[in-house]
Amino acid sequence: MISAVLPTYNRAPVAFDHGEGSWLTATDGRRFLDLGSGIAVNALGHCHPELVRTLTEQAQKLWHVSNVYSIPEQERLAALLVERTFADTVFFTNSGTETAELAIKMARKFHYENGQPERTGFIAFEGAFHGRSTGAIAAAGSEKMVKGFGPLMPGFTTLPWGDMAALRAALTDQTCAVIVEPIQGEGGIRPLPDAMLKEIRALCDATGTLLILDEVQCGMGRTGKLFAHEWKGVTPDVMMVAKGIGGGFPLGAVLATERAAKGMVAGTHGSTYGGNPLGCAVGARVVELVSDPAFLAEVGRKGALLRQGLEGLVASHPKVFEEVRGEGLMLGLKCRPAPADVVKAGYAQEILTVAAADNVLRLLPALNIPDEDIAEALARLDRTATEIEKSL
Ligand SMILES: *Cc1c(COP(=O)(O)O)cnc(C)c1O
């Protein structure tokens, strides 16, 4: 008999009752060290006191009003994002998937407005993940996500990850937009090869193509900059943000330049919930805390600390771990066994990690994880690897 909850997840037999910082307490009382953060969502850990305060204060004032009214909390968060990024304008959503939908619509509308309605084709990359809507799965194109759900939205070309020659051949003055994650998350913590983002930007400029960056996972401080593309010295035309921006509250945002957003006038897009006072009050507090340069510098330092420890684990457990990759606190351990087995072995050591493609174990701790929790995580991962070795 089918479960009451649609069985689209292979769920672990563990449930949590409460959380604090990097720790989650299970319903049976076990305390787990959380290096998954709800897949990079709990950017400031569980129940951060400032966020709890912001949320409860706003909850006592106003939760939701329609976007047919002005929403000061939304305007405040948009102004913060505009001030701290390349963007001139922001639309709020409830998820990452919805940001993909708007990014696609915005790019097509841009060319339509420019008198080139035939420019509808997108270029994306293998291993990409942009969400689960029909548009987002068409953009990612992987067999696993699209099989049985056709016909797909037409207009998407998927190129091998990092293949500049293929991109040069595919990108023409008839392309609508390139959509890419600066660091693939679900794809296995795969950073774009060095200098590639710069070259993609130059090719887009030369052909009048828009550049959409999906920073849903790698953005919001994860790499030690507010957004990952800042490391590369280029800016996108449109950027997708979600996951960490709500610190656990469902919130996403599409950031765009005035030029890219020119076709998105009243009536062209909307959302019932997107940008409501509750979500935006929390989001504004997250952005304020995370965009502080001192906070971001700490993310970089903690990332280096974790990475150094992980390099040590690769050296001491060569039969389990192959290499470390990623940036800041978005790190991946390439595994020799299936990463799902490593995640599972981690449960016995009370540590939470996340599997990804390309045989990678993802580590996405809270951005403010204390150094002693990093040390504890490394000790637990060390014990996890030792247990796996016994069974090899
Ligand atoms: C998670 C994710 C999405 C989809 O976000 P949802 O909130 O699950 O819809 C899109 N892009 C990237 C890079 C992601 O990691």
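The values are calculated or read from the model by the stated rules, or taken from the named source; none is laboratory data. In this text, all values refer to a predicted model and were calculated from it rather than measured experimentally. Backbone-built Cβ (ideal geometry, glycine too); neighbour counts: all protein chains shown. Note: accessible area is taken over every heavy atom of the protein model, side chains too, but ligands, DNA and RNA are not part of it. Shrake-Rupley method; radii C 1.70, N 1.55, O 1.52, S 1.80 Å.
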>> How large are Rg and Dmax for the stretch 267-392 when calculated on the C-alpha trace, in angstrom?
In response: 17.8, 61
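Given an 8 Å cut-off on Cα distances and at least 6 residues of separation, report the relative contact order of the chain as a percent. Present the calculation step by step, with values, prior to reporting the outcome.
On the way: 807 pairs, mean separation 87.7, N = 392.
So the answer I get is 22 percent.
What net charge is computed for the residues neighbouring GLY121, neighbours being all others with C-beta under 14 Å from the C-beta of GLY121, Lys and Arg scored +1, Asp and Glu -1?
Numbers: positive: ARG108, ARG119; negative: GLU118, ASP173.
For residues surrounding GLY121, the net value is 0.
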> Against the longest alpha carbon principal axis of the chain, how many degrees, from 0 to 90 and to the nearest 10, is the axis of helix 49-59 turned?
Replying inline: 50 degrees
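Please state the charge dipole magnitude for the stretch 50-290, taken about the Cα centre, from unit charges on C-beta atoms (+1 on K and R, -1 on D and E), reported in debye and rounded to the nearest 20.
Numbers: 22 positive and 25 negative charges, 49 e Å.
The dipole of the stretch 50-290 has a size of about 240 debye.
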>> What is the angle, in °, between the Cα long axis of helix 277-290 and the longest principal axis of the Cα atoms in the chain? Nearest 10 is fine, range 0 to 90.
In response: 70 degrees
> What's the carbon and sulfur percent of the chain's accessible surface, probe 1.4 angstrom, rounded to a whole number?
Replying inline: 55 percent
> Which ³J(HN,Hα) values, rounded to whole Hz and listed in residue order, are derived for the stretch 200-205 from phi using the Karplus coefficients 6.51, -1.76 and 1.60 in 6.51 cos²θ - 1.76 cosθ + 1.60 with θ = phi - 60°, glycine and proline given as x?
Replying inline: 4, 4, 5, 5, 4, 4
> What percent antiparallel are the DSSP beta bridges of the stretch 50-290, to the nearest 5?
Replying inline: 40 percent
> For ARG259 and GLU118 in the same chain, what is the full-extension length gain: residue separation times 0.36 nm, less their Cα-Cα distance, in nm?
Replying inline: 48.9 nm
> Given H placed on each backbone N at 1.01 Å, which residues far from MET153 in sequence or on other chains put an amide H within less than 5 Å of it?
Replying inline: ALA138
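Just to confirm a number: summing +1 for Lys and Arg and -1 for Asp and Glu over residues other than ALA242 whose beta-carbon lies under 13 angstrom from that of ALA242, what do you get?
Working: positive: ARG132, ARG222, LYS243; negative: GLU98, GLU101, GLU181, ASP214, GLU215.
My count for the surroundings of ALA242 gives -2.
Within the P(r) computed for the chain, what percentage of the Cα pairs occupies the region above 40 Å?
Details: 10732 of 76636 pairs.
Of all Cα-Cα distances in the chain, 14 percent exceed 40 Å.
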>> Over all directions, the average projected area of the alpha-carbon convex hull for the stretch 192-239 comes to how many nm²?
In response: 3.1 nm²
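Estimate the FRET efficiency between ASP341 and LEU62 by the formula 1/(1 + (r/R0)^6), using the beta-carbon distance for r and 51 Å for R0, to the nearest 0.05. Mind dumping the intermediate values first?
Details: r = 47 Å, r/R0 = 0.92.
FRET efficiency, ASP341 to LEU62: 0.60.
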> Mean residue ellipticity at 222 nm from the helices of the chain, using -39,500 (n - 2.57) per DSSP H segment of n ≥ 4 over the full residue count, to the nearest 500 deg cm²/dmol?
Replying inline: -11500 deg cm²/dmol
> Per residue, how many Å² of accessible area does the stretch 50-290 show with a 1.4 Å probe?
Replying inline: 41 Å²
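Could you order GLU186, GLU258, GLU230 by accessible surface area, starting with the largest, using a probe radius of 1.4 Å?
Details: GLU186 55, GLU258 135, GLU230 75 Å².
Ranking GLU186, GLU258, GLU230 by accessible area, largest first, yields GLU258, GLU230, GLU186.
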> the stretch 324-368: D in µm²/s via Stokes-Einstein (Kirkwood Rh, Cα pairs, 37 °C, 0.692 mPa s)?
Replying inline: 308 µm²/s
>> Give the lysines reachable from LYS390 as a straight Cα distance under 28 Å; neighbours fewer than 8 places away on the same chain don't count.
In response: LYS319, LYS334, LYS344
>> Can you list residues from other chains, or at least 5 along the same chain, whose modelled amide H is less than 5 Å from the amide H of PHE321?
In response: ARG336
